[in-house]
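Novice: Dropping the structure in here first, questions after.
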Amino acid sequence: CLYRIVCAGGWRHIQTHARLVFDASGIPQRMFGVSWDVTKEIEAAERLQRQAEQLRDAERRLERASLSSSEGHWELNLQTGRNWMSSSYHALLGYREGALPRSYAKFRELEHPEDVARSDAAYQHHIATGEPYDLEMRIRTASGEYRWFRRRGTAERDASGRPISVSGSIHDVHERKLAEDALKLAQQRFERALM
């Protein structure tokens with residue numbers, strides 16, 4: 001059993017295991033056992049629980065901020081190829097939380113085929129030079145529609161400088177991109193009309 005006792009230094013957590021020894025008629029005669037101080041272990045577990053609660057609170061605040069800014073967050077583990085995406089990331093693409101592929105190779109199937117080479121080049125350039133990873137690309141949403149997103153990220157490196165993960169954000173820029181394309185098309189028509 002686990003219990004607390006008061007000592008000179010304050011409360012201590014004690015763990016005890018004991019066994020009763022019975023005589024031939026089934027009457028308890030003796031008890032053998034061992035007790036030890038588990039205060040440090042209990043305090044460490046309580047600290048860990050508090051830290052986990054603080055982390056969950058921070059994650060909830062980040063999610064609320066992300067949803068209000070139409071921004072999602074992601075992280076790619078380069079050793080395992082596993083992808084993590086926030087609930088706001090899922091919401092931006094119209095998926096229920098947890099429905100997006102965790103494998104980066106599978107997630108890449110959602111990228112527009114015309115944007116894959118540009119995405120790879122931007123990623124490789126960032127890894128090689130450390131310059132910002134920042135590009136606009138189309139990603140297929142849950143409805144099957146491709147929408148424009150701005151994807152940014154930064155590599156985390158180990159002590160030898162080897163990249164171990166990349167994390168960042170996506171932001172929906174679809175309406176702006178469509179407006180820019182429409183403006184560009186109108187300018188081209190105007191220039192052709194002047195020729």
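The values are calculated or read from the model by the stated rules, or taken from the named source; none is laboratory data. A quick note: this is a predicted structure, and the numbers were derived from the prediction, not measured. So basically every Cβ, Gly included, is an ideal-geometry build from the backbone, and we count neighbours across all protein chains shown. Note: areas computed on protein heavy atoms with side chains; ligands, DNA, RNA excluded. Shrake-Rupley method; radii C 1.70, N 1.55, O 1.52, S 1.80 Å.
Novice: If L92 passes every condition in (1) at pLDDT 90 or above; (2) out of contact with any Ser or Thr (no Cβ under 7 Å at 6 or more places or on another chain) but one, which one does it miss?
Specialist: (2)
Novice: Let me ask something else. Regarding V173, is this residue touching a Lys or Arg at 6+ places or on another chain (Cβ under 8 Å), without any contact (Cβ under 8 Å) to a residue 24 or more places away in the chain and not charged (D, E, K, R)?
Specialist: no
Novice: Also, I was wondering about something else. A45: at pLDDT below 90, part of a helix (DSSP H, G or I) and open to solvent by less than 80 Å² (accessible area, probe 1.4 Å), yes or no?
Specialist: yes
Novice: Would you call S167 closer than 21 Å to S86 by Cβ and open to solvent by 80 Å² or more (accessible area, probe 1.4 Å)?
Specialist: no
Novice: Is segment 68-88 home to any residue that is out of contact with any helix residue (DSSP H, G or I) (no Cβ under 9 Å at 6 or more places or on another chain) and more than 30 Å from Y133 (Cβ to Cβ)?
Specialist: no
Novice: Quick one: what pairs do we get from segment 1-25, first residue farther than 30 Å from E46 by Cβ, second of a type in the set (S, T, N, Q) and open to solvent by 90 Å² or more (accessible area, probe 1.4 Å), C-beta under 9 Å, 6+ apart or different chains?
Specialist: L20/Q29; V21/Q29; F22/Q29; D23/Q29
Novice: Does D37 qualify as being farther than 26 Å from I164 by Cα, touching a residue at least 24 places away in the same chain (Cβ under 8 Å) and of a type in the set (D, E)?
Specialist: So D37 fits the description; yes.
Novice: Further question: Of the residues that make up segment 123-139, is at least one aliphatic (A, V, I, L, M) and in a helix (DSSP H, G or I)?
Specialist: Within segment 123-139, one or more residues are aliphatic (A, V, I, L, M) and in a helix (DSSP H, G or I).
Novice: Please go through (1) without any contact (Cβ under 8 Å) to a residue 12 or more places away in the chain; (2) closer than 17 Å to E75 by Cα; (3) surrounded by 12 or more Cβ atoms within 10 Å (Cβ to Cβ) for S87 and return the number of the only condition it doesn't satisfy.
Specialist: It is condition (1) that S87 fails.
Novice: Considering only residues that are open to solvent by less than 50 Å² (accessible area, probe 1.4 Å) and in contact (Cβ under 8 Å) with a residue 12 or more places away in the chain, which ones fall in segment 131-147?
Specialist: Those that are open to solvent by less than 50 Å² (accessible area, probe 1.4 Å) and in contact (Cβ under 8 Å) with a residue 12 or more places away in the chain: Y133, L135, E136, M137, R138, I139, T141, R147.
Novice: Follow-up question, since we're still on this one. Of all residues in segment 90-128, how many are of a type in the set (S, T, N, Q) and surrounded by 14 or more Cβ atoms within 10 Å (Cβ to Cβ)?
Specialist: Qualifying residue count for the region: 1.
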